[in-house]
Amino acid sequence: MRRIDILVPPAGGAWSAAAAAEFARYRSLLAAAGWDATARPWPDGPGDVPALALLAWGYHQQLERWSDLLAAWPDTVPLLNPPALLAWNTRKTYLLSLEAAGVPVVPTLFGNAAEAAAAFDRFGTNELVVKPQVSAGSDRTARLRRGMAPPALADAMLQPFLPSIGEEGEYSLFYLGGRFSHAVRKVAAAGDFRVQPQFGGTVGPWVPDGEALAVAAAVNRAVPPGALYARIDLVRRPDGRLALIEYEAIEPDLYLAYGGRPALLTAALAERLPDGEFRRRG
């Protein structure tokens, strides 16, 4: 069997147990396609075989270490997704470049969270969502109403609160090897705005319509090249249009149990890493 590493959180950390369960699922999936996967804590850096960044949880809490890792990753050890794409995707200011490319995005102000008062007026809303520019899993994400003190975030992103999150929900479209695999609909619990299951959100399979597929196609055209896997999250803006709220190419939950086609992932992996196409580090 061919060897491959899957980047995981450091052993003994807050995410290690959950990551171990996810790793076991990926290991089984890859083994069926002829790959022997090994869990490698991402702070340890590259090994001597190709690596998947699928479970590099916690990178947002060690940003300097993560950025240094990507900058120094050797060309002789393939990392998927590619380091350049992962670095671009780390800070959510990537939304600015996608908006400039014509992708509809959720209106976003980047700056200090203390600018919340101006953001309320700019977006014409009485509620904002404030979160770090580098974040994952709704970490340090807050819902803010006029008159409330903003969180102490120097590098923040401020967005209007969208009631559609708790009504229509958030749509996630998954692309494996550049091909559409499946989609899910995630709805926040009543009174909440976070769609993740740990916050009470619900998830179910979803068949995307033409509008969703068109927005996703525009996103895929505008992002840096090389994505082996990606999740595109869409929500409905007050103007009635679907818009991008997040593009996740680092460590997304792929929700393969909801109609996913894992064969697309393993086939794309075989195409990217044919036998003899990389040199081991000496």
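The values are calculated or read from the model by the stated rules, or taken from the named source; none is laboratory data. The structure presented is a predicted model; accordingly, all values stated were derived computationally and were not measured. Using ideal geometry, Cβ is built from the backbone for each residue, glycine included, and neighbour counts are taken over all protein chains shown.
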Within the stretch 69-119, how many residues are over 26 Å from TYR175 (Cβ atoms) and among the acidic types (Asp, Glu)? 1
From (1) under 19 Å from the mean Cα position of the chain (by Cα); (2) not in a loop (DSSP other than H, G, I, E, B), pick out the condition that doesn't hold for VAL134. (2)
Is it fair to say ALA100 is under 30 Å from LEU228 (Cα atoms), without any contact (Cβ under 8 Å) to a residue 12 or more places away in the chain and not β-branched (Val, Ile, Thr)? yes
Which residues, counting only those in the stretch 162-218, are over 16 Å from TYR255 (Cβ atoms), small (Gly, Ala, Ser) and at pLDDT 95 or above? GLY177, GLY178, GLY210, ALA214, ALA217, ALA218
Sort out which residues of the stretch 105-114 are part of a loop (DSSP other than H, G, I, E, B) and in contact with a Pro (Cβ under 8 Å, 6 or more places away or on another chain), and write them in order of number. VAL106, PRO107
The correct count of residues that are assigned to a loop (DSSP other than H, G, I, E, B), among the aliphatic types (A, V, I, L, M) and more than 20 Å from the chain's Cα centre (by Cα) in the stretch 26-61 is 3
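Yes or no, residue by residue, for (1) out of contact with any Lys or Arg (no Cβ under 9 Å at 6 or more places or on another chain); (2) touching a residue at least 60 places away in the same chain (Cβ under 8 Å); (3) surrounded by fewer than 17 Cβ atoms within 10 Å (Cβ to Cβ):
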| position | (1), (2), (3) |
| --- | --- |
| ALA212 | yes, no, no |
| VAL215 | no, yes, no |
| VAL219 | yes, yes, no |
| ALA222 | yes, yes, no |
| ALA268 | no, yes, no |
| LEU273 | no, yes, no |
What are the pairs with Cβ atoms under 8 angstrom where one residue, in the stretch 69-85, is free of Cβ contacts under 8 Å to residues at least 24 places away in the same chain and the other, located anywhere, is loosely packed, with under 12 Cβ neighbours inside 10 Å? Sequence gap at least six, or different chains. PRO83/ALA71
Among (1) buried (at least 19 other Cβ atoms within 10 Å of the Cβ); (2) small (Gly, Ala, Ser); (3) on the phi > 0 side of the Ramachandran plot, GLY124 falls short only on (1)
Restricting attention to the stretch 200-236, which residues are among the acidic types (Asp, Glu) and part of a strand (DSSP E or B)? ASP233
Count of the stretch 3-51 residues which are under 18 Å from THR76 (Cα atoms), surrounded by fewer than 16 Cβ atoms within 10 Å (Cβ to Cβ) and basic (Lys, Arg): 1
